[in-house]
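Enquirer: Structure below; questions to follow.
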Amino acid sequence: MDIEQRLRGSLAARDPGMEFDDAVIARLTRKQGMPPRRSTWRVPAALAATVVAAAFGLHWYVVQQREAHAHAQLVMALQITSYELDQVQQKLVRND
């Protein structure tokens, strides 16, 4: 027998028969009653990770706001100090 004919014969479509159909249908009906095989810890873990990320983001935002407020207060304090020192310097120059 030629190798090409043997290859065609081994790759030819064959009817698996009624036993195969019955086995597939029985397996499908059996699996429909079973819970899915997915792990039950994934959804709670994802929710927990989301809550932790949101809490971290909120904390970071609050810290950034506090730092911005402190920076604005520092700039204002430096401006007031500069103005007061300028006033003192002008008085000293006038008195000389």
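The values are calculated or read from the model by the stated rules, or taken from the named source; none is laboratory data. As the structure is a computational prediction, the values presented were derived from the model and not from experiment. Note: ideal-geometry Cβ built from the backbone for every residue, glycine included; neighbour counts use all protein chains shown. Heads up: the accessible areas ignore ligands, DNA and RNA and are worked out on the full protein's heavy atoms, side chains in. Shrake-Rupley method; radii C 1.70, N 1.55, O 1.52, S 1.80 Å.
Enquirer: Which one, LEU92, GLN64, ILE25, is farthest towards the positive end of the dipole of the chain when Lys and Arg carry +1 and Asp and Glu -1 on their Cβ?
Expert: The residue sitting most towards the positive pole is ILE25.
Enquirer: Heavy-atom accessible area per residue, the chain, 1.4 Å probe: how many Å²?
Expert: Values: 9550 Å² over 96 residues.
Counting only protein heavy atoms, the per-residue value for the chain is 100 Å².
Enquirer: Which percent of Cα-Cα pairs in the chain sits in each 5 Å bin, short to long?
Expert: Computed distribution, short to long bins: 2, 9, 6, 6, 6, 5, 6, 5, 6, 5, 5, 5, 4, 4, 4, 4, 3, 3, 3, 3, 2, 2, 2, 1, 0.
Enquirer: Where the only charges are on Cβ atoms (+1 Lys, Arg; -1 Asp, Glu), what is the dipole of the chain about its Cα centre, to the nearest 20 debye? Let's see the in-between values first.
Expert: Numbers: 12 positive and 10 negative charges, 85 e Å.
In total the dipole reaches around 400 debye.
Enquirer: What's the FRET efficiency of ARG94 with ALA70 using the Cβ-Cβ distance as r and R₀ = 35 Å, to the nearest 0.05?
Expert: Working: r = 36 Å, r/R0 = 1.04.
Approximately 0.45, to the nearest 0.05.
Enquirer: Using a 1.4 Å probe over the heavy atoms of the protein chains, calculate the carbon and sulfur portion of the accessible area of the chain as a whole percent. Could you put the intermediate results ahead of the total?
Expert: Details: 5990 of 9550 Å².
Its accessible area is 63 percent carbon and sulfur atoms.
Enquirer: Counting each DSSP H run of 4 or more residues in the chain as -39500 (n - 2.57), what helix-only mean residue ellipticity at 222 nm follows after dividing by all residues, to the nearest 500 deg cm²/dmol? Don't jump to the answer; show the numbers that get you there.
Expert: Numbers: 3 runs with 78 residues, N = 96.
Computed ellipticity for the chain at 222 nm equals -29000 deg cm²/dmol.
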